[in-house]
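Below you'll find the structure, written out as structure tokens, and then a few comments.
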Amino acid sequence: HAKQTGRARWVMFDQTMQLAAVRRLQLEADLRDALARQEFFLHFQPIVAPRDGRVRGFEALLRWRHPVHGLVPPAEFIPVMEETGMIDAVGAWVLDAACRQLRDWQRTYDPQLTMSVNVSAVQFTGEDLVGTVTRVLADTGIPPASLKLELTESAVMADAEHALAVFAALKALGVLVSLDDFGTGYSSLSYLRRLPIDTLKIDRSFVSKLDCFDDKRQIVEVVLMLARALGLDVVAEGVETEAELDLLRDMGSDLVQGYYYYRPLAPEDAARALAEQGQGAMC
Ligand code: C2E
Ligand code: MG
Ligand code: MG
Ligand code: MG
């Protein structure tokens, strides 16, 4: 009897695995057509200065609307694109679309606005990144310093020597570099000092429920001190509550991003947010 249940369980497990494999293959096949079928689009999450509550820039976030399954979360499809190499073409599309959008908003609302674009570890290791950024800057004509490339701390530190070379080339173009999900990887302090980084983005895990845990508060304080010592800007990610915002503002975080102010927005909603805050603070 025991043997039978064991076998039944094994069969079930096997079927689940098969189902997962089939789904994964289907996902891969669907992704191959997604770019040509124009199923990708961008949402833009405002990055806000808590001092005056004004939008200083946006992070572009990739969205995929599958014709049958609807919206698929990036955490599900980006790893597949990385493994298959599709991320290079899609990443170039994201860069171009985000910079075009920025150019419009800079003209209409505020020439100081910035755009942050996520760059995957695979794009970062590949040969194309600097060339793609060069081309997009030329095509869109945005000021290079209004583009911020977000690389995760783990992607950068995985090959910090490579990062030194790529960052130098990006700096030569005039674009800015942010370390994303900061605090979740292992940063070498000496590389942090040597790499021409502009911004640390404190990972959401340190920001959420910040009001409840003393250790989180101390970690955020140390990151803010470190950033100050190295002359870097800080963005606190995933700010959801007023209590979190108050603490971050008191600790001196210049910029925040999170549901408390705005969720990632469709372009027309992001434009409305810009229109609502008006031209008041151009002084
Ligand atoms: P990320 O770069 O750290 O982006 C921030 C993520 O946190 C976004 O998730 C955003 O929607 C979410 N978020 C922002 N504020 C809050 C908040 O207050 N609470 C909570 N719970 N979440 C918040 P999203 O859009 O699902 O993207 C997930 C990840 O996928 C991104 O993390 C980034 O690593 C990756 N990704 C997104 N777009 C792109 C892209 O165009 N290229 C690449 N290579 N990766 C991308
Ligand atoms: Mg990011
Ligand atoms: Mg992040
Ligand atoms: Mg994150």
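Tally Lys/Arg at +1 and Asp/Glu at -1 over every other residue whose Cβ is under 13 Å from the Cβ of Leu247; what's the total?
Its environment carries a net charge of -4.
How many angstrom lie between the Cα centre of segment 63-98 and the Cα centre of segment 186-211?
Centre-to-centre distance over Cα atoms comes out at 26 Å.
Within segment 132-174, what whole-number % of the accessible surface is contributed by carbon and sulfur, with the 1.4 Å probe and all protein chains included in the calculation?
On segment 132-174, the fraction of accessible area on carbon and sulfur atoms equals 60 percent.
So if R0 is 30 Å, what FRET efficiency would Glu276 and Ala89 give, r being the distance between their Cβ atoms, rounded to the nearest 0.05?
0.25
Measure nothing fancy, just the Cα-based angle from helix 160-173's long axis to the longest principal axis of the chain, in degrees from 0 to 90, nearest 10.
The two axes meet at around 50 degrees.
Rounding to the nearest 10 and keeping the result within 0 to 90°, find how far the Cα-based axis of helix 87-108 lies from the longest principal axis of the chain.
30
Between Arg228 and Ala75, how many nm apart are label points set 7 Å from Cα along the C-beta direction?
Result: 3.4 nm between the two label points.
Once every DSSP H run of n ≥ 4 in the chain is given -39500 (n - 2.57) and the sum is divided by its residues, what mean residue ellipticity at 222 nm do you get, rounded to the nearest 500 deg cm²/dmol?
Result for the chain, helices only: -17000 deg cm²/dmol.
Could you please state, rounded to a whole Å, how far the C-alpha centre of segment 216-283 is from the C-alpha centre of segment 124-168?
Centre-to-centre (Cα) distance: 23 Å.
Nearest-5 percent of antiparallel DSSP beta bridges in segment 45-195?
The answer is about 40 percent antiparallel.
I want to check the label-to-label distance for Thr241 and Phe41. Put each point 7 Å from Cα in the C-beta direction and report it in nm to one decimal.
Each label point is offset 7 Å from its Cα along the Cβ direction, giving 3.4 nm.
At 7 Å along the Cα-to-beta-carbon direction for both Arg63 and Asp104, put a label point, then send me their distance in nm to one decimal.
Distance between label points: 1.4 nm.
Which three numbers, in whole Å and largest first, are the semi-axes of the equivalent ellipsoid of segment 44-188 derived from its Cα gyration tensor as √(5λ)?
They are 22, 20, 17 Å, listed largest first.
Can you list residues from other chains, or at least 5 along the same chain, whose modelled amide H is less than 5 Å from the amide H of Glu59?
Here Gln45, Ile47, Ser116 satisfy the definition.
Mean shadow of the chain, computed from the convex hull of its alpha carbons, in nm²?
If I average the Cα hull's projected area over directions, I get 18.8 nm².
Which residues in segment 148-188 place their backbone N less than 17 Å from a point set 7 Å from the Cα of Thr134 along the Cα-to-Cβ direction?
Within reach of a label on Thr134, which here means backbone N under 17 Å from a point 7 Å along Cα→Cβ, segment 148-188 contributes 165-176.
With charges set only on the Cβ (+1 for Lys and Arg, -1 for Asp and Glu), what does the dipole of the chain come to about its Cα centre, in debye to the nearest 20?
On the way: 29 positive and 40 negative charges, 73 e Å.
Rounded to the nearest 20 debye, it is 360 debye.
Over segment 129-225, what per residue volume does the convex hull of the Cα atoms give, in whole Å³?
104
State the antiparallel share, in %, of DSSP beta bridges confined to the chain, rounding to the nearest 5.
Here the antiparallel bridges make up roughly 40 percent for the chain.
Work out the count of Lys pairs in the chain where the Cα-Cα distance is under 30 Å, with the pair 8 or more places apart or on different chains.
Pairs that pass both the separation and distance tests number 7.
The values are calculated or read from the model by the stated rules, or taken from the named source; none is laboratory data. In this text, all values refer to a predicted model and were calculated from it rather than measured experimentally. Because the Cβ atoms are built from the backbone with ideal geometry, glycine has one as well, and the counts that use them run over all protein chains shown. Heavy atoms of the whole protein, side chains included, go into the accessibility calculation; ligands, DNA and RNA do not. Shrake-Rupley method; radii C 1.70, N 1.55, O 1.52, S 1.80 Å.
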